[in-house]
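Undergrad: Dropping a structure here in structure tokens format, bear with me for questions.
The values are calculated or read from the model by the stated rules, or taken from the named source; none is laboratory data. Model, not experiment: these values are computed from the prediction. All Cβ positions, even for glycine, are placed from backbone atoms using ideal geometry, and neighbour counts span all protein chains on display. Protein only, heavy atoms only, side chains kept; ligands, DNA and RNA dropped before computing areas. Shrake-Rupley method; radii C 1.70, N 1.55, O 1.52, S 1.80 Å.
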Amino acid sequence: MRILMVCLGNICRSPIAEGVLQHKADLKGLGWVVESAGTESYHVGEPPHRLSQKICLEHGIDISHQRARKFTGADVDRYDLIYAMAGDVLHEIHRTSASAGSRGHIGLFLDELNPGLNESVPDPYYGGEDGYHHVFDLVNRTCDAIISRYAQQGSK
Ligand code: 4NP
């Protein structure tokens, strides 16, 4: 399974989601590849936000090696699952990839936790550290849901 997490800047939310799901999948020996990207290019090449790094490290997950990259329409043909962290991001994914073939599922990340509610992971970029803890908690629970849904299908 190849999985892509997408947010706006690829420095706050999707790097946490990449780190947490990759960590959980590795612990279970699933052989999954988890990556992330952003629909905006402001932070391309940068490591994750220092608070995203800090909160992940507090949970034993080192995401310091990650570097932001921009989502491209061709990505929809390279991943089995593409998760948008927010509604505006999902809209941009569909807009950017309108002419590309889609290989797998594209949807809202939080739909795996609370199906049908169309919820977005709140953007912590303009707030304080509390926001990053909240994002981590949402991401952690949603990644558990993703693992229980897809792990039975075996590693690909
Ligand atoms: P992210 O957060 O999409 O979770 O990485 C943001 C990071 C940067 C900006 C917006 C959101 N920005 O406008 O620079």
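Undergrad: Inspect region 59-67 for any residue being within 16 Å of the ligand (Cβ to nearest atom), open to solvent by 60 Å² or more (accessible area, probe 1.4 Å) and out of contact with any helix residue (DSSP H, G or I) (no Cβ under 7 Å at 6 or more places or on another chain) and give the result as yes or no.
TA: So in region 59-67, the residues within 16 Å of the ligand (Cβ to nearest atom) come out as 63-64, 66-67.
Going one step further and asking which of them are open to solvent by 60 Å² or more (accessible area, probe 1.4 Å), we end up with 67.
With the extra rule that they be out of contact with any helix residue (DSSP H, G or I) (no Cβ under 7 Å at 6 or more places or on another chain), the set shrinks to 67.
The answer is yes; a qualifying residue exists.
Undergrad: What number of residues within region 1-38 are assigned to a loop (DSSP other than H, G, I, E, B) and more than 8 Å from the ligand (Cβ to nearest atom)? Walk me through it before giving the result.
TA: So in region 1-38, the residues assigned to a loop (DSSP other than H, G, I, E, B) come out as 1, 8-12, 28-32.
This time we only want the ones that are more than 8 Å from the ligand (Cβ to nearest atom), so: 1, 28-32.
Residues flagged as assigned to a loop (DSSP other than H, G, I, E, B) and more than 8 Å from the ligand (Cβ to nearest atom) within region 1-38 amount to 6.
Undergrad: I'd like to check something: does region 70-84 contain any residue that is open to solvent by 20 Å² or more (accessible area, probe 1.4 Å) and within 16 Å of the ligand (Cβ to nearest atom)? Quick ask: steps written out before the conclusion?
TA: Initial filter on region 70-84 (open to solvent by 20 Å² or more (accessible area, probe 1.4 Å)): 70, 72, 74, 77-78, 80.
From the residues that got through so far, the ones that are within 16 Å of the ligand (Cβ to nearest atom) too are 70.
So far as region 70-84 goes, yes, one or more of its residues are open to solvent by 20 Å² or more (accessible area, probe 1.4 Å) and within 16 Å of the ligand (Cβ to nearest atom).
Undergrad: Please go through region 104-147 and give me each residue that is open to solvent by 70 Å² or more (accessible area, probe 1.4 Å) and in a helix (DSSP H, G or I), ordered by number.
TA: 130, 133, 134, 141, 144
Undergrad: Among the residues in region 45-62, are any over 26 Å from residue 103 (Cβ atoms), outside any loop (DSSP other than H, G, I, E, B), within 14 Å of the chain's Cα centre (by Cα) and not charged (D, E, K, R)?
TA: As a first pass, look at region 45-62 and keep what is over 26 Å from residue 103 (Cβ atoms): 45-62.
Next cut, outside any loop (DSSP other than H, G, I, E, B) only: 50-58.
When the remaining residues are screened for being within 14 Å of the chain's Cα centre (by Cα), the result is 52, 56.
Still in the running and not charged (D, E, K, R): 52, 56.
Within region 45-62 (the criterion being over 26 Å from residue 103 (Cβ atoms), outside any loop (DSSP other than H, G, I, E, B), within 14 Å of the chain's Cα centre (by Cα) and not charged (D, E, K, R)), the answer is yes, since at least one residue qualifies.
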